[in-house]
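J.: I'd like to ask some things about the structure below.
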Amino acid sequence: KINGILWDLGVSSVQLDEAERGFSYSQEAFLDLRMDRSCGKTAYDVVNTYAESELRRIINDWGEEKFSGRVAAAIVKARESSPIETTTVLADIIASAIPAGARKKEAQHPAKRTFQAIRIEVNDELRIIEPTLEAATRRLESGGRAAVITFHSLEDRIVKQTFKRLENPCTCPHDFPVC
């Protein structure tokens with residue numbers, strides 16, 4: 001049994017600090033974005049092989065980018081002439097797809113949300129949160145505590161919904177006399 005659990009769902013500075021890992025849109029590197037470089041698809045694979053509709057869905061759902069359609073279309077158009085291989089090339093394509101007025105209003109780089117979306121896709125980050133919370137909380141000592149540090153609304157939503165469901169796992173309608 002465990003008395004306390006703390007999850008920090010943020011990206012490690014080790015990945016961000018190593019330019020060759022491809023996590024930064026401001027440093028030239030191969031499009032990788034894998035947390036574990038020994039397995040799985042890379043950002044290069046996602047950017048250069050996914051259909052426009054799938055790119056749009058990922059960028060919209062996981063990057064919460066309101067210009068996801070424009071960004072996906074720009075990526076597909078750019079890769080028609082040659083594969084998109086580096087972080088800075090992709091960042092420039094994304095920036096060019098965002099309207100100038102919207103770019104000026106943003107304090108952060110216009111590629112931030114799209115890179116987040118691609119990183120989530122590459123590492124399947126959101127899928128592992130719920131089962132991890134479930135497994136770990138089953139090991140909590142009675143009266144134990146679990147805490148999670150999240151960094152964006154997608155993670156936060158999954159954590160809150162999972163904890164709410166675990167708090168009351170009954171799925172019967174609330175007017176049933178017995179679950």
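The values are calculated or read from the model by the stated rules, or taken from the named source; none is laboratory data. Please read these numbers as outputs of a predicted model, since none were measured by experiment. FYI the Cβ positions are ideal-geometry reconstructions off the backbone, even for glycines, and counts take in every protein chain you see. With ligands, DNA and RNA removed, areas are computed over all heavy atoms of the protein, side chains included. Shrake-Rupley method; radii C 1.70, N 1.55, O 1.52, S 1.80 Å.
J.: For region 123-179, enumerate the residues that are open to solvent by 100 Å² or more (accessible area, probe 1.4 Å), part of a loop (DSSP other than H, G, I, E, B) and more than 30 Å from K41 (Cβ to Cβ).
T.: Hits for region 123-179 are R139, T171, H174, D175, F176, P177, V178, C179.
J.: Test each condition in (1) more than 16 Å from the chain's Cα centre (by Cα); (2) within 27 Å of I129 (Cβ to Cβ) for S82 and report the one that comes out false.
T.: Of everything listed in (1) more than 16 Å from the chain's Cα centre (by Cα); (2) within 27 Å of I129 (Cβ to Cβ), S82 misses just condition (2).
J.: Applying the selection to region 31-59, what residues are closer than 18 Å to K77 by Cα and crowded, with 19+ Cβ neighbours inside 10 Å?
T.: L31, A43, Y44, V46, V47, Y50, L55, R56, I58, I59
J.: Now for a different question. Within region 93-120, how many residues are touching a helix residue (DSSP H, G or I) at 6+ places or on another chain (Cβ under 8 Å), polar (S, T, N, Q) and open to solvent by 50 Å² or more (accessible area, probe 1.4 Å)?
T.: So the answer is 1.
J.: Within region 13-23, count every residue that is open to solvent by 50 Å² or more (accessible area, probe 1.4 Å) and either touching a residue at least 40 places away in the same chain (Cβ under 8 Å) or assigned to a strand (DSSP E or B) (or both). Lay out the reasoning, then the answer.
T.: So in region 13-23, the residues open to solvent by 50 Å² or more (accessible area, probe 1.4 Å) come out as 13-14, 16-18, 20.
Among the residues that remain, those that are also either touching a residue at least 40 places away in the same chain (Cβ under 8 Å) or assigned to a strand (DSSP E or B) (or both) are: none.
Residues meeting the conditions: 0.
J.: In this structure, does G10 turn out to be surrounded by 20 or more Cβ atoms within 10 Å (Cβ to Cβ) and under 16 Å from the mean Cα position of the chain (by Cα)?
T.: no
J.: Output the residue which, of all residues in region 53-102 that are among the hydroxyl-bearing types (S, T, Y) and in a helix (DSSP H, G or I), is nearest to N123 (Cα to Cα). Walk me through how you get there before you give the answer.
T.: Initial filter on region 53-102 (among the hydroxyl-bearing types (S, T, Y)): 53, 68, 81-82, 86-88, 96.
If we keep only those that are in a helix (DSSP H, G or I) too, we end up with 53, 68, 81, 87-88, 96.
On the way: S53: 20, S68: 20, S81: 27, T87: 17, T88: 20, S96: 26 Å.
My answer is T87.
J.: Now for a different question. Test of understanding: among E64, E28, which residue is touching a strand residue (DSSP E or B) at 6+ places or on another chain (Cβ under 8 Å), open to solvent by 10 Å² or more (accessible area, probe 1.4 Å) and within 19 Å of P110 (Cβ to Cβ)?
T.: Checking each option against the conditions leaves just E28.
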